[in-house]
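Reading through the structure tokens given below for one structure.
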2 protein chains.
Amino acid sequence: MSSEVAGSQMSIGIGLMGLGKVGGRVAKVLQDRSEVIVQQAGCPSILKKVLVHDPAKKRDIDFHLITTRVEDIMGDPEIDIVVEVIGGEHPAWEYIKQAIFRGKHVVTANKEVMAKHGVELLALAREHEVDILYEASVGGGIPLITPLRQDLVANKISTIYAIINGTTNHILTMMSKEGLSFSPALRQAQQLGYAEANPSDDIEGRDAAYKLAILASLAFHTIVRPEDVYCEGIAFLDEHDFRYAKELGYAIKLLAIAKERNDSVEVRVHPVFIPAEFLLAKVDGVYNAVQVEGDLVGKMLFYGEGAGALPTSSAIVADIISLAQKINLKVKGSPWPLSSYCKTITPISEIETRYYIRMSIADHPGVLAQIAKALGDHLISIASVIQKESEVSTQTAEIVIMTYPAKEKAMQQALKEMEKIAVVKEIASFIRVEA
Amino acid sequence: MSSEVAGSQMSIGIGLMGLGKVGGRVAKVLQDRSEVIVQQAGCPSILKKVLVHDPAKKRDIDFHLITTRVEDIMGDPEIDIVVEVIGGEHPAWEYIKQAIFRGKHVVTANKEVMAKHGVELLALAREHEVDILYEASVGGGIPLITPLRQDLVANKISTIYAIINGTTNHILTMMSKEGLSFSPALRQAQQLGYAEANPSDDIEGRDAAYKLAILASLAFHTIVRPEDVYCEGIAFLDEHDFRYAKELGYAIKLLAIAKERNDSVEVRVHPVFIPAEFLLAKVDGVYNAVQVEGDLVGKMLFYGEGAGALPTSSAIVADIISLAQKINLKVKGSPWPLSSYCKTITPISEIETRYYIRMSIADHPGVLAQIAKALGDHLISIASVIQKESEVSTQTAEIVIMTYPAKEKAMQQALKEMEKIAVVKEIASFIRVEA
């Protein structure tokens, strides 16, 4: 590898896997900012090969660099760093493993691979004395991985509240500001290019769950798998909920939440009511924000564009420069970010929070008493109730209840009993409240 | 130095200079978090000596560590890292220089020393193959120096808008929310411990100017001295200004502003009107927030507690761990954060912005025409005017003008001419507007 060549003329070879929007931008930044990179890294970083699917496609890049053969990157001794921007689990995961086996450092923007296989890849990299950096996998260009691995490392982190999916935040912003219901808000996001044709990974919360698994693993020095993250999407939300939220002084956001209590970690992604005066409640559109609470730093928030080729390339090139510095200084290895033992995951039934419940009821006397009893039987106290005048034609009223903190398990049992009450026509929404 | 001892039993020796609130907390964190530090740094970091002024004072620390002799730290071959938390220019600056000369790495929280002498100290450190880290010098525990030196390094940064003085932000928050005028708001901040008995460094903007010089130097890879920063304080602000700001849809904040245009850097600290919907407008109380705009990342904001022993210790211990890692890996040197050539500083007369002007005028016909003429003669256009009904007893009216963007030089000339208009009794406030 070129890193073993001594002297000041050394250069770092880059192999780029994937030349979509992000890959194309990374290639351009490496070229346009070569002066800054030399100054920061101590030597030039040269793009040696670019792996693409379709070599015939017209591209804004020297065609000598283009290849369709993975081995052209893996087998090139002049390539020190492999940058993976293919996305998705396969074949990206296999390529990353192969790169590490061949003694190459890796920079990846791949949330799915890092969430599912990050621990194994970090261990493999350590074994082979290379690094795998993945700042771009969460929050685009917002520094999150570095702060958790480095700047905040003296802290005991207790809580992460994160808006880390721009698509859903844009949809929720439209529902809140324009009074749209879910389907037209989704369609609008799709027209603007903020939501994919098949948006299920975003709107069902899986994309956020991947990112939360990555952040929580680092914050709590443990192993959090995507399947550990309790996940609910936003498709059930209704414009009524936004109206009540406003009336009660709240905003509705899809939050990725991670908390540690007594060596047990709770990780969940679902819509929540948060007080309207919280800074997080003011994060609108496709912007992301991650609030971290540590015992020394207190509450801290990182805010910015969470996706897109430009912000993502900012994080990737910063990772490349970090690695180039280390290669240039002949440094091997980096501190292990996780703890040696695994903390337990708190099941969703054991979490404790407040709840918002919206239901349709038959407009009869004594209904509220029956609902209050179902809650009271499970030791859940009502904090406030809104009941508007009923619709005469259907003799149906809408009632909204905010509870005091209660265990999820008790709440779920109470909900089941409330469903059985004859006068309760429908439990339309059930949303957790964080304050 | 102990860093030259090979093998896994190596430890890093720390010499602490200053044992006030911050120093005391750093000592405690080093002790309480020793396990995390070993895991992250690869070896223990041991507090070897603590320099204090008064050795007789009762302290929560092993008295064997206490010394009043600087040489006990400088001359101790087992001390690898000197942590300076004395504050102020002297003797901290001399101590830091001495530590570097003796081949010791330095961690400092000293904004004044880093703003005034940072470039020279960084150069001196490079010469002696040691590092000087200063994350704690700006924004308490909020990662700012590392993001600018590392995470955002691929970006061309165009703008920094920073609320980096908690004292003034608390005072302005009280004036805005409680309708207080300046003096009672300052007194309240003093009673709460948020303002010092002599608060002039804070309220005149000098504290923010030090911090801005540090941030702008890194962001623009140039040398910005504290005396380059144009500086206005907040003492002239009046509760009337807050009422008009609200009416016009703005908040008033003391912003530290840095912009680069065509290789020229403007740096200024003064009260500004910013649109109420900006996230920065919602940063209240003693919290700090720094908004950075880069060509790749777009707008990004870092928010958190900007001062206090706990957040500051978070940044200092993170810097200690970074250095311990490097010492343990036998890495020497780090990338030079500044450019080799110095950009020019844009004089305040050359900046262009919008303006808010509040004045008392005699309630005569034709006054507005005279004012509009004074502005128009300097090619300044009026965007909006508010004139409320006049006070009958004094026959004085208050008039508020918002302008379109104009050069500061033209504005200052127009102001001089407006002062000469007989019916203009007083130009009470003149505040720049950023949007």
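The values are calculated or read from the model by the stated rules, or taken from the named source; none is laboratory data. For clarity, every value in this text was computed on a predicted model and none was experimentally measured. Note that each Cβ is placed from the backbone with ideal geometry, even for glycine, and that neighbours are counted across all protein chains shown.
Numbers for the structure displayed
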| quantity | calculated |
| --- | --- |
| Criterion violated by residue B:314 - all others in (1) among the small types (Gly, Ala, Ser); (2) surrounded by 18 or more Cβ atoms within 10 Å (Cβ to Cβ); (3) more than 9 Å from chain A (Cβ to nearest Cβ) satisfied | (3) |
| Test: residue in segment B:189-202 that is surrounded by fewer than 24 Cβ atoms within 10 Å (Cβ to Cβ) and in contact with a strand residue (DSSP E or B) (Cβ under 9 Å, 6 or more places away or on another chain) | no |
| Residue list for segment B:234-262, filter: in contact with a Pro (Cβ under 7 Å, 6 or more places away or on another chain), among the hydroxyl-bearing types (Ser, Thr, Tyr) and either over 27 Å from residue B:216 (Cβ atoms) or at pLDDT below 95 (or both) | none |
| Residue in segment B:237-269 that is farthest from residue B:341 (Cα to Cα), counting only those that are crowded, with 21+ Cβ neighbours inside 10 Å and in contact with a Gly (Cβ under 7 Å, 6 or more places away or on another chain) | B:254 |
| Test: residue in segment A:299-317 that is among the hydrophobic types (A, V, I, L, M, F, W, C) and closer than 25 Å to residue B:37 by Cβ | yes |
| Count of residues meeting criterion [touching an Asp or Glu at 6+ places or on another chain (Cβ under 8 Å) and in contact (Cβ under 8 Å) with a residue 40 or more places away in the chain] in segment B:100-143 | 16 |
| Failed item in (1) at the interface with chain A (Cβ under 8 Å from one of its Cβ atoms); (2) over 19 Å from residue A:299 (Cβ atoms), with residue B:265 passing the rest | (1) |
| Filter result for the condition that a residue is more than 14 Å from chain A (Cβ to nearest Cβ) and at pLDDT 95 or above, over B:99, B:136 | B:99 |
| Every residue from segment A:170-201 that is closer than 30 Å to residue A:265 by Cα and within 14 Å of chain B (Cβ to nearest Cβ) | A:173 |
| Answer from A:392, A:424, A:385 - the residue that is surrounded by fewer than 16 Cβ atoms within 10 Å (Cβ to Cβ), within 20 Å of residue A:241 (Cα to Cα) and of a type in the set (A, V, I, L, M) | A:385 |
| Residue in segment B:220-231 that is closer than 30 Å to residue B:335 by Cβ, touching a Ser or Thr at 6+ places or on another chain (Cβ under 9 Å), among the β-branched types (Val, Ile, Thr) and buried (at least 23 other Cβ atoms within 10 Å of the Cβ) present | yes |
| Selection count where residues are touching a Ser or Thr at 6+ places or on another chain (Cβ under 7 Å) and more than 8 Å from chain A (Cβ to nearest Cβ), scope segment B:284-309 | 3 |
| Condition check for residue A:253: part of a strand (DSSP E or B), under 15 Å from the mean Cα position of the chain (by Cα) and under 27 Å from residue B:297 (Cα atoms) | yes |
| Any hit, segment A:55-68, residues being closer than 21 Å to residue A:309 by Cα, within 14 Å of chain B (Cβ to nearest Cβ) and in a strand (DSSP E or B) | no |
| Among residues of segment B:17-50, those that are assigned to a helix (DSSP H, G or I), surrounded by fewer than 21 Cβ atoms within 10 Å (Cβ to Cβ) and of a type in the set (A, V, I, L, M), counted | 2 |
| Residues satisfying the stated conditions in segment B:66-83, i.e. crowded, with 16+ Cβ neighbours inside 10 Å, β-branched (Val, Ile, Thr) and over 25 Å from the mean Cα position of the chain (by Cα) | B:66, B:67, B:70, B:73, B:79, B:81 |
| Leading residue by the ranking (nearest to residue A:133 (Cα to Cα)) among those in segment A:333-352 that are of a type in the set (Ser, Thr, Tyr) and either within 14 Å of chain B (Cβ to nearest Cβ) or touching a helix residue (DSSP H, G or I) at 6+ places or on another chain (Cβ under 7 Å) (or both) | A:334 |
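Rundown of residues vs (1) crowded, with 22+ Cβ neighbours inside 10 Å; (2) away from chain B (no Cβ under 14 Å); (3) in contact with a Phe, Trp or Tyr (Cβ under 8 Å, 6 or more places away or on another chain); (4) farther than 26 Å from residue B:317 by Cα, yes/no style:
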residue	(1), (2), (3), (4)
A:279	no, no, yes, yes
A:322	yes, no, no, no
A:325	no, no, no, no
A:330	no, no, no, no
